[in-house]
Structures are given as C-alpha cells and as structure tokens.
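Peer 1: Below is one structure. I have some questions about it.
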Amino acid sequence: MLTLIHKPTEKIGEVAVCTAGTGDIPVAEEASETAMFYGSNVKKYYDIGVAGIHRLFDKIDEIRKANVIIAVAGMEGALGGIITGLADSPVIAVPTSVGYGTSLKGVSALLTMLNSCAEGMTVVNIDSGFNAGYSASQINRKICDSR
C-alpha cells in the first residue's frame, strides 16, 4: 500500500479529470486537487458528457494520453462507461448527487456506473472526489514507477 506522509515536490505522470456537466465540477475539483496534492499532473476536461458528446470526441485523443482517467457524472452517469469504451487507461468513475427527477441524489448515476459492461472501470461512492483523486494518484505513481 502506498502511503504518502508528505506532499511530493515533483509532479509525475498524468491524470485526466473529466466531467459530464458543469454541475459536476465541484466534485471534479476535489478529485483534481487531491491528485495534484499526492504528486500527479492533472489535466481537466469539463462539460464533455452525453448532452454534448461532440465535445468529448474533440478531446478524446488528449484524454487517452493520461495514465488514469477520472470520469465525474451525475444524472444518468453514462460518462464513465463511454470513456472506458474509448480509452485503454484505467477509469475511475465518480457518480455525483447532481440531477433532478429520478436521479435520487446520485443513486441513479451510481447504479448506472456499477452496472456498466465497460471493463476497466472502477466506481467510487457518490460525490467521493477525494477517493477518486487519491486512488488515481496511486495508480499513476505505480505506472510511472514501472517505466
């Protein structure tokens, strides 16, 4: 288990943090700040979900360069599965409590992510940006150390 006692001084690798919509940004920022704190370079790709999927397609080549991808999505939570199907990096999906109607404070997005058939996607709890950022940093560090 990787335990970091202090903040690393040098950033390594790359973690891509993606959001489906603008309402997901607070959770994505928590993930980004955590990953950076634990030593990862972070690139952000916000508002690239299914409602404007052309924006994802415009950025997918850049996103694929990351060692780890964090996909943050509320509503139906489809972004994680879509990105996992398009990239060969590990994806950490974060459902958010953003949404209305039957989103059930994030439960709908969580269930979509847990039921995804896209292999290579791991799901953390609703609004759990910290856990996504920390886990992404651990994976990123292992990938960089193995090179």
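The values are calculated or read from the model by the stated rules, or taken from the named source; none is laboratory data. Worth saying up front: this structure is predicted, and the values here are computed from it rather than measured. Reconstructed Cβ throughout: ideal geometry from the backbone, glycine too, with neighbour counts over all protein chains shown.
Peer 1: Surrounded by fewer than 16 Cβ atoms within 10 Å (Cβ to Cβ) and either not in a loop (DSSP other than H, G, I, E, B) or not basic (Lys, Arg) (or both): is that true of Asp47 in this structure?
Peer 2: Taking the combined requirement at face value, the residue does not satisfy it.
Peer 1: Among the residues of the stretch 101-110, are any hydroxyl-bearing (Ser, Thr, Tyr), outside any helix (DSSP H, G or I) and at negative phi?
Peer 2: There is no residue in the stretch 101-110 that is hydroxyl-bearing (Ser, Thr, Tyr), outside any helix (DSSP H, G or I) and at negative phi.
Peer 1: State all residues of the stretch 51-85 that are in contact with a Cys (Cβ under 7 Å, 6 or more places away or on another chain) and either assigned to a helix (DSSP H, G or I) or over 19 Å from Gly129 (Cα atoms) (or both); if no residue qualifies, say none.
Peer 2: Hits for the stretch 51-85 are Ile63, Leu79, Ile83.
Peer 1: Next up: Please verify whether Glu119 is under 17 Å from Thr22 (Cβ atoms) and free of Cβ contacts under 8 Å to residues at least 40 places away in the same chain, treating the condition exactly as stated.
Peer 2: No: the conditions fail for Glu119.
Peer 1: Checking the condition surrounded by 20 or more Cβ atoms within 10 Å (Cβ to Cβ) and either at pLDDT 95 or above or not aromatic (Phe, Trp, Tyr) (or both), which residue from Asn140, Asn115 passes?
Peer 2: After ruling out the rest, the residue left standing is Asn140.
Peer 1: Name the residues in the stretch 82-112 that are farther than 17 Å from Ala136 by Cα, surrounded by fewer than 20 Cβ atoms within 10 Å (Cβ to Cβ) and within 16 Å of the chain's Cα centre (by Cα), would you?
Peer 2: Gly85, Leu86, Ser97
Peer 1: Quick check: is even one residue across the stretch 122-134 free of Cβ contacts under 8 Å to residues at least 12 places away in the same chain and either crowded, with 17+ Cβ neighbours inside 10 Å or aromatic (Phe, Trp, Tyr) (or both)?
Peer 2: Scanning the stretch 122-134 turns up no residue that is free of Cβ contacts under 8 Å to residues at least 12 places away in the same chain and either crowded, with 17+ Cβ neighbours inside 10 Å or aromatic (Phe, Trp, Tyr) (or both).
Peer 1: Give me a count of the residues in the stretch 83-110 that are touching a residue at least 12 places away in the same chain (Cβ under 8 Å) and over 18 Å from Ala31 (Cβ atoms).
Peer 2: Qualifying residue count for the region: 8.
Peer 1: Applying the selection to the stretch 22-44, what residues are part of a helix (DSSP H, G or I), hydrophobic (A, V, I, L, M, F, W, C) and touching a Gly at 6+ places or on another chain (Cβ under 9 Å)?
Peer 2: Within the stretch 22-44, Val27, Ala28, Ala31, Ala35, Met36, Phe37 meet the criteria.
Peer 1: Considering every residue within the stretch 32-47, establish whether at least one is closer than 24 Å to Cys117 by Cβ and among the hydrophobic types (A, V, I, L, M, F, W, C).
Peer 2: Among the residues of the stretch 32-47, not one is closer than 24 Å to Cys117 by Cβ and among the hydrophobic types (A, V, I, L, M, F, W, C), which makes the answer no.
Peer 1: Here is a further query. Let me confirm something: among Ala71, Ala132, which residue is hydrophobic (A, V, I, L, M, F, W, C) and in contact with a Leu (Cβ under 9 Å, 6 or more places away or on another chain)?
Peer 2: Criteria check complete, one pass: Ala71.
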